[in-house]
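Okay, so here's the structure we're looking at.
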Amino acid sequence: MYYDAKNMKLLVIEDEPKLNAGLVEGLRERGHTVDFAFDGIKGEELARSEFYDLIILDIMLPERDGLSVCRNLRTYKIQTPILFLTARDTTEDKITGLDVGGDDYLVKPFSFDELSARIRTILRRAPQAASDILELDKLRIDTRAQIVTVNKKKINLTLREYCLLEYLLRNRGAVISREDILSHVWDRFHDSLSNVVDVHLKNLRKKLPIDYAKRIETVWGKGYRLV
Ligand code: CA
């Protein structure tokens with residue numbers, strides 16, 4: 001599947017525990033990083049503090065309803081694509097959702113295939129949040145094809161090494177903690193007690209030409225920095 005080829009970061013805001021868990025699990029199985037919230041306030045906080053490729057937002061939520069969350073995010077100039085979930089199959093509800101800046105809606109109950117199709121459609125027409133090509137001198141990453149080259153020569157990386165390098169490049173110059181890497185590149189609930197980041201970073205350095213490997217600095221006690 002097209003969108004599954006890319007490791008995306010998604011946010012699920014849904015108060016029904018079973019549906020929330022089902023969505024999170026299904027999306028993670030497809031290789032995505034997924035954060036979740038059960039109410040509108042917590043969901044909006046996450047949406048404003050982290051970068052997501054897409055937000056799945058229920059309309060009827062405790063604390064703050066989905067329409068208000070969407071309206072607030074757009075007010076703060078956060079343009080992350082939003083897919084509304086609604087239990088109410090009324091035209092009025094759908095129109096309101098799209099009026100406040102949502103990208104599409106899905107009426108409950110829905111199948112995972114329907115959800116996948118809707119996500120693909122939204123992402124196809126959404127403006128790219130970031131450029132497809134990232135460059136660092138002669139090092140080039142095509143984020144759509146997930147191909148890394150140096151001087152046009154392809155570097156073979158595992159998916160995690162690739163994601164790690166892309167994340168470092170997107171945040172070049174900044175010190176990135178292991179925590180940051182775990183929450184953005186890896187699922188925050190997996191592997192968080194091991195030295196998984198260091199191991200993958202070591203492997204990534206080995207695969208890069210020495211000039212580039214040296215540019216990933218270890219900042220003692222803090223994390224890493226690409227210079
Ligand atoms: Ca609900």
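The values are calculated or read from the model by the stated rules, or taken from the named source; none is laboratory data. Remember, it's a predicted structure, so these values are computed and weren't measured experimentally. Virtual Cβ from ideal backbone geometry, glycine too; neighbours counted across all protein chains shown. Side chains included, ligands, DNA and RNA excluded: accessible areas come from the protein's heavy atoms. Shrake-Rupley method; radii C 1.70, N 1.55, O 1.52, S 1.80 Å.
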How many residues are touching a helix residue (DSSP H, G or I) at 6+ places or on another chain (Cβ under 8 Å), among the aliphatic types (A, V, I, L, M) and in a loop (DSSP other than H, G, I, E, B) when one looks only at segment 155-175?
1
Among the candidates LEU182, LEU165, single out the residue that is open to solvent by less than 60 Å² (accessible area, probe 1.4 Å) and either modelled with pLDDT under 85 or over 18 Å from the mean Cα position of the chain (by Cα) (or both).
LEU182
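Out of the residues in segment 21-43 that are among the hydrophobic types (A, V, I, L, M, F, W, C) and within 18 Å of VAL185 (Cα to Cα), state the one that is most open to solvent (accessible area, probe 1.4 Å).
Filtering segment 21-43 down to residues among the hydrophobic types (A, V, I, L, M, F, W, C) leaves 21, 23-24, 27, 34, 36-38, 41.
Pick out the ones that are also within 18 Å of VAL185 (Cα to Cα) and you get 24, 27, 34, 36.
Working: VAL24: 10, LEU27: 0, VAL34: 1, PHE36: 72 Å².
This residue is PHE36.
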With the requirement that a residue be acidic (Asp, Glu) and touching a Leu at 6+ places or on another chain (Cβ under 9 Å), what does segment 52-88 give you?
ASP53, ASP58
Flagged pairs (Cβ under 7 angstrom, 6 or more apart or on separate chains; first in segment 11-36, closer than 16 Å to LEU61 by Cβ; second in a helix (DSSP H, G or I) and away from the ligand (no atom under 16 Å from the Cβ)) are LEU11/LEU46; LEU11/ALA47; ASP35/LEU46
Looking at this structure, is ASN156 under 24 Å from HIS32 (Cα atoms), modelled with pLDDT of 85 or more and open to solvent by 70 Å² or more (accessible area, probe 1.4 Å)?
yes
Exactly one of (1) touching a residue at least 24 places away in the same chain (Cβ under 8 Å); (2) of a type in the set (Asp, Glu); (3) out of contact with any Asp or Glu (no Cβ under 9 Å at 6 or more places or on another chain) is unmet by GLU45. Its number?
(1)
If you scan segment 128-146, which residues turn out to be open to solvent by 20 Å² or more (accessible area, probe 1.4 Å) and either under 15 Å from ASP211 (Cβ atoms) or modelled with pLDDT of 90 or more (or both)?
GLU135, ASP137, LYS138, ARG140
Considering residues of segment 15-43 that are acidic (Asp, Glu) and over 20 Å from ILE119 (Cβ atoms) only, the residue nearest to the ligand (Cβ to nearest atom):
ASP15
Which one is least open to solvent (accessible area, probe 1.4 Å) among residues in segment 93-115 that are at pLDDT 85 or above and out of contact with any helix residue (DSSP H, G or I) (no Cβ under 6 Å at 6 or more places or on another chain)?
LEU115
For residues that are farther than 17 Å from GLY26 by Cβ and buried (at least 24 other Cβ atoms within 10 Å of the Cβ), scanning just segment 44-58, find the one that is farthest from the ligand (Cβ to nearest atom).
ALA47
With (1) crowded, with 21+ Cβ neighbours inside 10 Å; (2) more than 16 Å from the ligand (Cβ to nearest atom) as the list, and THR75 as the residue in question, which single condition is left unmet?
(1)
